[in-house]
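Here the structure is laid out as structure tokens; the discussion comes afterwards.
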Amino acid sequence: MVVGPMQHHPKPVPKPHDPRQASMTPEELSARFEAVLSQPMDDLATELAEYEAAYEVLTEALQDRV
């Protein structure tokens with residue numbers, strides 16, 4: 001097997017981390033949900049935008065975004 005020079009990756013390589021450590025604490029998640037959902041919902045478009053923002057918070061909490 002011939003090994004050539006290392007090539008540069010165009011995308012950043014994820015940093016290893018302890019998978020047992022949560023990226024967001026339950027308190028942080030609750031605070032972010034409260035901040036997003038505490039805004040007044042005057043119409044359906046505003047309500048949709050707030051639910052989408054809450055969904056993003058949940059997605060971030062469930063994925064490793066390091």
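Derivation of every value follows stated rules applied to the coordinates shown; laboratory data play no part. Fair warning: this is a prediction, and the values are worked out from it, not measured in the lab.
Residues whose amide H lies under 5 Å from that of Met24, counting only those 5 or more places away or on a different chain, are absent; hydrogens are built 1.01 Å from N in the peptide plane. In order along region 31-38, the phi-based Karplus estimate (6.51 cos²θ - 1.76 cosθ + 1.60, θ = phi - 60°) of 3J(HN,Hα) comes to 5, 5, 4, 4, 5, 6, 8, 7 Hz; Gly and Pro are listed as x.
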